[in-house]
Structures are given as C-alpha cells and as structure tokens.
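Visitor: Quick one: the structure is below, questions incoming.
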Amino acid sequence: MALGKYSRVDNNNNNNRKSSSSYCSTITIVVFVGLCLVGIWMLTSSSVVPVQTGNGSAEEKKNQVEDQVTPVTSDNNDSSNTSDFEDNRGDLPDDATKGDANVSLAENDGKGNLNTQENQDNTEETKMDESKKDDEQSASEGGEKSGDNSGGQGDPLENSDDKKSDSDENDKKSEENNEKSDLDDGDKKQDESSSETNGDQADNQIEEKVDQNDNKELEKSSDEPKDDGQLKNQSSNEVFPSGAQSELLNETVTQTGSFSTQATESKIEKETQLSSKKYSWKLCNSTAGPDYIPCLDNLEAIRHLPSTKHYEHRERHCPEEPPTCLVPLPEGYKRPIEWPKSREKIWYYNVPHTKLAQIKGHQNWVKVTGEYLTFPGGGTQFKHGALHYIDFIEESVPDVAWGKRSRVVLDVGCGVASFGGFLFDRSVVAMSFAPKDEHEAQVQFALERGIPAVSAVMGTKRLPYPGRVFDIVHCARCRVPWHIEGGKLLLELNRVLRPGGFFLWSATPIYQDKTEDVEIWEAMVELTKSMCWELVNKTSKDAVNGVAVAAFRKPTSNDCYEQRSKQEPLVCPESDDPNAAWNVPLQTCMHKVPVDASERGSQWPDRWPERLEKAPYWLSSQVGVYGKAAPEDFAADNEHWKRVVTKSYLNGMGISWSSVRNVMDMNAVYGGFAAALKDLSLWVMNVVPIDSPDTLPIIYERGLFGMYHDWCESFSTYPRSYDLLHADHLFSKLNKRCNLVAIVAEVDRILRPEGKLIVRDNVETINELENMLKSMQWEVRMTYSKDKEGLLCVQKSMWRPKEVETIKYAIA
C-alpha cells in the first residue's frame, strides 16, 4: 500500500511537472512572438513615408525605373558619370528659331537646292527646351532601362533671346524637367519638348535614334565586332531645319554597364551573321600590296599602252569594274605620329620603303633612323631646310607676300612635299603632286607626314583643277621638260595660274653652266616671252642651299597677246573652257585673260584671311547651288557649316580633333565645312564630284584648295591617307550610278585605321551604309535619324578579312 501511495504521489508530481513545463513553453512562445512584433514595429517605424504630391505618380515610376538600372561604369569611378559626357552639350543656333530661309540649305534633284525647303523653315526651325528622357527597351530586345543623366545633361536648349536667364534658373528648369519625366509601358519612348517659333508655342513629338560611343569608352580588340548592339541610354536633340542641310545640336549618352544580357549578345551575333552573309569582304592581292591604288596600278592596261613617251604609264587607267576587296595593312602598322612632330619623323613600318632614303639620303630627303623615317632637310633644292628657301623667295620677290597676297600654291614634282609642309608656317596651303614612279612612295611619305599631296603627273591630260585658281605655281627641280613640244606642259600651268600670279622655278638651268642647262634656260626664256610671262627676277645662288630662283609673272591683260609679232603659242578659241579639266587632253594654246570686271580672274582676291569669309565678287550675277542668289547662298552655307561644326562635330561626336590632320570633304560644294575648321591644325581636301555643280573655283577663291573627282573610280592617293572623311548627301546620289560596295571599299582604302567617317544622308542610305560598315567591323560611334534624314559617325577598325581575292589586272 505504501508503495501504491508513493506511486500515486509520484504520479501527481509528474503531472504537476508536465503542467508547469507546458505553461513555461507557452510563456516563452508568447514572449518570442512579442519580441518579433516589437522588432517589426521598430523596423517599420524607421521608414519615412514620402509626402504625396501632385508628382507622386511620376516619382513612383522614376524610382521603379532607377531600381532596374544597371550601374554605369566609368574610368574615373564617378557615380554621376558627368565628366565623361560634358563635351557632348550643344546650343540651338540663334537663327534656327526664327524661320530664316537664308540658313536652310536643302537638297533637290541631287544638287541641293534651297528653293524646295523655304516653306519648311517656320515648321522645322524651332527652339527646343530639352527634357530629360528615360529610354526603356523591352527584355526581348536585350535592352536595359537607364535613369537620369546627371551633370547638367538636361539643360534646355536656348536661342539668343533666352540667354538672359541666369544659371540658377536653368538649373531649376532642369530639375523640373527631371521630375516631370515619365515612362510609358513597354518599350515606347515619349519625347516632351516645347518648341517656339516667333513667339508661338507648339508641342512636338520627335522620334529619335542615337547610337554613340564616347572617346573614353573601354578599348575593345580589333577582332571583335564593334556595333551599336551594346546596352546604352542615348538621347539627342538634333534639329534638321531643312532636310538635306541638317545640323546636330546635342547628344547625351551613358556608357555600357559591366555586364551585357544574353538577349543583347544573341542579337549582336544574329546581326553579325546576317551582315556577313549579305556582304562578303575579301583581301586584295596585288603586286602593290598594302600600297595598292586601283587606277594607277592597272598593270594590264599599262602593258597595252601604245606609248609611254608622255608618261602615259603614270596617268590614271581605271579598271572597268572597281575593286570591292579591302587593301591589306602593312605588317607592324601603328597609329600615325601627330602633327607637327610628323613633319620631322614617321613610323618606318607605316611606310616601309627605304629605296628613296638610299637614293636621296645625301640630299636630306629622308633617312632611316631606328624605327622612324626622318626628314632632316627638305628636298634637292633646299637640303638645309625649307623655311630658309621659302624666305629666300620672298626676299627676292617681295610681291609674293606669303600668307597675305599668296595663299594657294601648286607644287609640281613635290618629292616628299617639305616645301608644302613648311609653307603652313607662313599661312600658305600647297597642293603638292608627284607621280607614282621610281621615287618610291614619295607622295605616301608626304601624306604620312600630314602634308597634302596627290599622285599625278604632267602627261597628256589636264590636271584636275579649274583654270586661273593658283596664286603661285612652284617647281624645284621637278624634272618636267617645260620647253619641249611648243611648251604644252608649261601652257597647262598657264591655264591653272591666276592672272598676276607667279611661276617660281629653281632648277639647275637657272644657275648651272653645263651645256644642257644653258640650252634649256635659253629655250625657257624664249617660250615664256612668247607666252607674255614677265621675268621678274633671276637670283644669284643662295649661300645656304646653293640654288637660285627664277620668278615669272603671268600678265593681267591681253595687250601683250595682241601685240606679239608671232602668234605662237596660239590663243585658245572662245569655245575652249579653261575650267574643263576631267580627262581633257592637253592643247598647245593659251586662254585669254578675263578683263570684264564681273568675270572671275579679272581681280586678285582679297588678302588672307579676309578672302575666306567673303563671297567672291564674280558671284553677284549667278544663281547659287541651292536656288537663291549666289552671294546669299554662299553666306547661308557658310553660316550653316559654322554651326554644324561648332555645335556638333567639335563637341558632339567624341572625336579627338588633336589627332586629326588629313581631312577630306567628299562633296564640298562651297567649302563651308573646311572653312569652319580653319582654326584647327589640319587641312581639308575639298572634292567636287564631276556630276555636281562646279563650285571648285569658289573654294580656291576663298583661299582653300581641292580637286575634281569621279567617285565611281578610285581616288589618286595611297591607302591610309586620311584621318577623317566627310560626305554630305553624296552616297545616295552615287548609289544611282555607281557600285556602292566598291565606293565603301574605296573609303576603307583611303581612310586610316581608327579614322572617322561622317555621313549625312537620307535614312535609307544611312541604314545601308551602317550595315555595310558593321560587316567590316567598323565601330558605330553614333547614328541619328529624323524626318527621313540621318547622320552616321563610324570609326574604321584594324580588322582585315582572311579570304583573299587576286586582282588579275594588278599583278605584274
């Protein structure tokens, strides 16, 4: 019983223990839950609930977008990403808001006439208050959403009347625009901009497309495809006032994030495959190799020439079908040395030719110095420096007045063009030319040095320049037989020399007593006298270079021609146009000097630099390219390109202009693009296509230079000659009569690796060019389109195809 009693007691005790344990567990759970609730309350109490305003919905959307933004990487690790893009800002030009028809240049019938665009001025030229835009792309397209661009990228564009507001007001407007930025559902973009024309307000919605990379972007391997498939956020405010003559005003971009998406990578690969299927590029195999010039290396045509007596084998012989292959690069090619250091030395592997150094080394033309080719002197006639020779000429003939009266020079048989290279120091530009002959790569040396030059020869055809345009023609021992065959070659110089201009000659017949030299000098005296050229001065030998100079002046009237006892050479008939120069045979006659005050050539141009901005006096009675009176056309074009270059090209393209030296305007019209670049240390080859209005005389009158060319053929220059090519509404015109693939191959040939191509044209042409250039693995720096007009900026890569195409007619 006792046992039972104790057993009962034990059971009761056990039950009491279980009840107590259960009670404690319940309390523990309650306390734990309570602590959790307190913790949650403390966490939630630390959140700040934003005050709801009228902009609440916009702010919510903005915050949602910002949560999805991929961080933008920067070399400077600057979270604002401001410094990389500060150079991309632009301002709206003053007259773009005022409906000024003088400033709107348009294209009509392929020739760019103004008269079709005047009615569009009041609707197209508007003041745009720039809004912040958040571009959103769908995941299926591989896009990423980007937030606001900080650092003042949203400053509104203003005209001159609005510039009275201070910077604080501008910042306030920028912040307001940022707050009001909305994103539509999906991948739609809405541009909100206010436009003002003559005080009237209107809302415009503009569909834009901009693809742009900054100079500071991460370097990529040249073997990788470079296109606009990478993830970016771009916005742009470019106004196209009148279609063809449009101008870029502002570009804003953000750089790529650290990681791309699979959708983007797949999209890029598919585009690359499509491009590679459509365009199959091959590497040119020719005897000339990396120096291949199609129209000068047509060896098959040269072999069939009936004669080479008049240097026919050095003239242009273009193949019936231009090549579509790409010229190879020299092994070890490097980015060229920048000007002015390039005038003294260049990379040997860029122009790996030593023959000229061996032949002309004792004359200080060029020498091999380690990994460089150096140019210690100047040329045969100025072994101890070109500048002394240049100053010696001016001292002997003061009327030369370098850089004032004399601005544009033709240098015949230029060698390595040191004469033209040092004339830059005297504010003079020289069109230098020499044949592609046994003096291996002399013109290529000149171009690599940053000196203008082309491959040409005094042969059987006229030079590709208008009549009466050069202030001076120079020949320093150029080995041209001026005195033979009735002076046919010297008469060609007479055609291109301006009335009152000088022919400067410093060859051996002037100062040597050898029988041959004496005979040539006597023949030259007789010939120049019959041409009515005045011998202004025949100097004695210069003590430094040991040469003498003879200076002849072309007459400014026809009196001498009429008073000659013997009418030889003959005066050209009135029907003979001195400006006709494309594939025109040489003739043994002289053109009369213009005497009518309204005719070009009757007056000497204004001094430099005044002549650059002033419309030529002889334009007053003509109609301009764009349909208005020529002086008005000229002024409008000049102002237009000033704005485009200042507001767009210099700051909005990401181009490092300090590395740009050799520039070509492939469709120059009045030369406005070149004139707008006058303050930079570069030169522009202004090309007037043969099927365009002949405005090349105007370009020369301004103190600039250029030449005629047919872009269905190759240009007379070596590969890798230019740092930048510019083409304004050229390719769409050429596409009607030329093989566009061949033209693009030619562009690739003459442009240096890392060189830039800027194209302004219709959207259809821009898109076609963009796809073609992408297939060559060029880097698309920027594309822009609006109202069927487009702008494209691309950079050439080092990529070369592996498959080879043999050019049979270019094989020795």
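Visitor: Whether any residue in the stretch 309-326 is surrounded by 15 or more Cβ atoms within 10 Å (Cβ to Cβ), under 17 Å from Glu448 (Cα atoms) and touching a Phe, Trp or Tyr at 6+ places or on another chain (Cβ under 8 Å) is what I want to check.
Guide: No, the stretch 309-326 has no match at all.
Visitor: Then there is this: Pairs please, first residue from the stretch 490-516 and at positive phi, second anywhere and open to solvent by 10 Å² or more (accessible area, probe 1.4 Å) and modelled with pLDDT of 95 or more, Cβ atoms under 6 Å, 6+ apart in sequence or on different chains.
Guide: Going by the 6 Å Cβ cut-off, the qualifying pairs are Gly500/Thr556; Gly500/Trp604.
Visitor: Related question: For the stretch 473-526, enumerate the residues that are in contact with a Phe, Trp or Tyr (Cβ under 6 Å, 6 or more places away or on another chain) and either farther than 30 Å from Ser602 by Cβ or in a loop (DSSP other than H, G, I, E, B) (or both).
Guide: Matches in the stretch 473-526: Pro509 only.
Visitor: Right, something else. Anything in the stretch 763-805 that is surrounded by fewer than 19 Cβ atoms within 10 Å (Cβ to Cβ) and polar (S, T, N, Q)? List them, or say none.
Guide: If the condition is that a residue be surrounded by fewer than 19 Cβ atoms within 10 Å (Cβ to Cβ) and polar (S, T, N, Q), then Asn767, Asn771 are the ones that fit.
Visitor: Assuming Pro573 fulfils every condition listed in (1) touching a residue at least 24 places away in the same chain (Cβ under 8 Å); (2) under 24 Å from Lys461 (Cα atoms); (3) assigned to a loop (DSSP other than H, G, I, E, B); (4) open to solvent by less than 90 Å² (accessible area, probe 1.4 Å) apart from one, which condition is it?
Guide: Evaluating Pro573 over (1) touching a residue at least 24 places away in the same chain (Cβ under 8 Å); (2) under 24 Å from Lys461 (Cα atoms); (3) assigned to a loop (DSSP other than H, G, I, E, B); (4) open to solvent by less than 90 Å² (accessible area, probe 1.4 Å) leaves (1) as the failure.
Visitor: Taking interchain pairs and intrachain pairs at least six residues apart, which have beta carbon atoms under 6 angstrom, with the first residue in the stretch 292-312 and β-branched (Val, Ile, Thr) and the second modelled with pLDDT of 95 or more and assigned to a helix (DSSP H, G or I)?
Guide: Close Cβ pairs satisfying both conditions: Ile302/His313.
Visitor: I'd like to check something: does the stretch 465-485 contain any residue that is surrounded by fewer than 24 Cβ atoms within 10 Å (Cβ to Cβ), of a type in the set (Val, Ile, Thr) and within 19 Å of Val571 (Cβ to Cβ)?
Guide: No, because not a single residue in the stretch 465-485 is surrounded by fewer than 24 Cβ atoms within 10 Å (Cβ to Cβ), of a type in the set (Val, Ile, Thr) and within 19 Å of Val571 (Cβ to Cβ).
Visitor: Identify the single condition in (1) more than 30 Å from Ala615 (Cβ to Cβ); (2) crowded, with 24+ Cβ neighbours inside 10 Å that Tyr700 does not satisfy, given that it satisfies every other one.
Guide: (1)
Visitor: Among the residues of the stretch 716-756, which ones are open to solvent by 10 Å² or more (accessible area, probe 1.4 Å), of a type in the set (Asp, Glu) and closer than 25 Å to Ser280 by Cβ?
Guide: Within the stretch 716-756, Glu746, Glu754 meet the criteria.
Visitor: Return the total of residues in the stretch 539-567 being under 19 Å from Cys475 (Cα atoms), acidic (Asp, Glu) and open to solvent by 20 Å² or more (accessible area, probe 1.4 Å).
Guide: Number of matching residues: 0.
Visitor: Yes or no: Phe673 farther than 28 Å from Ser716 by Cβ, of a type outside the set (A, V, I, L, M) and open to solvent by less than 10 Å² (accessible area, probe 1.4 Å)?
Guide: no
Visitor: For the stretch 600-613, which positions are more than 13 Å from Arg498 (Cβ to Cβ), open to solvent by 80 Å² or more (accessible area, probe 1.4 Å) and either among the β-branched types (Val, Ile, Thr) or in a loop (DSSP other than H, G, I, E, B) (or both)?
Guide: Arg607
Visitor: Which members of the stretch 780-810 meet the condition of being of a type in the set (D, E, K, R) and assigned to a strand (DSSP E or B)?
Guide: Within the stretch 780-810, Arg781, Lys786, Glu789, Glu805 meet the criteria.
Visitor: Within the stretch 616-631, can you find the residues that are under 21 Å from Lys642 (Cα atoms) and open to solvent by 30 Å² or more (accessible area, probe 1.4 Å)?
Guide: Gly627, Ala629, Pro631
Visitor: Run down Gly672, Gly654 and say which single residue is touching an Asp or Glu at 6+ places or on another chain (Cβ under 6 Å) and free of Cβ contacts under 8 Å to residues at least 40 places away in the same chain.
Guide: Of Gly672, Gly654, the one residue that is touching an Asp or Glu at 6+ places or on another chain (Cβ under 6 Å) and free of Cβ contacts under 8 Å to residues at least 40 places away in the same chain is Gly672.
Visitor: Provide a single number: the residues in the stretch 359-390 that are modelled with pLDDT of 80 or more, open to solvent by 10 Å² or more (accessible area, probe 1.4 Å) and within 33 Å of the chain's Cα centre (by Cα).
Guide: 10
Visitor: In the stretch 578-595, which residue that is assigned to a loop (DSSP other than H, G, I, E, B) and open to solvent by 80 Å² or more (accessible area, probe 1.4 Å) is farthest from Thr528 (Cα to Cα)?
Guide: My answer is Asn583.
Visitor: Moving on. Tell me which residues, restricted to the stretch 425-443, are among the polar types (S, T, N, Q), in contact with a helix residue (DSSP H, G or I) (Cβ under 8 Å, 6 or more places away or on another chain) and either surrounded by fewer than 24 Cβ atoms within 10 Å (Cβ to Cβ) or at pLDDT below 95 (or both).
Guide: Scanning the stretch 425-443 gives a single hit, Gln442.
Visitor: Related question: Taking the stretch 262-282 as the region of interest, how many residues are of a type in the set (Ser, Thr, Tyr), open to solvent by less than 50 Å² (accessible area, probe 1.4 Å) and either in a helix (DSSP H, G or I) or modelled with pLDDT under 80 (or both)?
Guide: Within the stretch 262-282, residues that are of a type in the set (Ser, Thr, Tyr), open to solvent by less than 50 Å² (accessible area, probe 1.4 Å) and either in a helix (DSSP H, G or I) or modelled with pLDDT under 80 (or both) number 4.
Visitor: Return the pairs, sorted by first residue and then second, in which the second residue is at pLDDT below 95 and assigned to a loop (DSSP other than H, G, I, E, B), the first residue lies in the stretch 440-468 and is of a type in the set (D, E, K, R), the beta carbons are less than 8 Å apart, and the residues are 6+ apart or on different chains.
Guide: Glu440/His353; Glu448/Val351; Arg449/Phe375; Arg449/Val416; Arg449/Ala417
Visitor: I'd like the full set of residues that are out of contact with any strand residue (DSSP E or B) (no Cβ under 8 Å at 6 or more places or on another chain) and under 14 Å from Leu730 (Cβ atoms), limited to the stretch 702-719.
Guide: Cys712
The values are calculated or read from the model by the stated rules, or taken from the named source; none is laboratory data. None of the values given here were measured: they were computed from a predicted structure. Please note: Cβ atoms are built from the backbone with ideal geometry, for glycine as well, and neighbour counts cover all protein chains shown. For accessibility, only protein heavy atoms count, side chains too; no ligands or nucleic acids. Shrake-Rupley method; radii C 1.70, N 1.55, O 1.52, S 1.80 Å.
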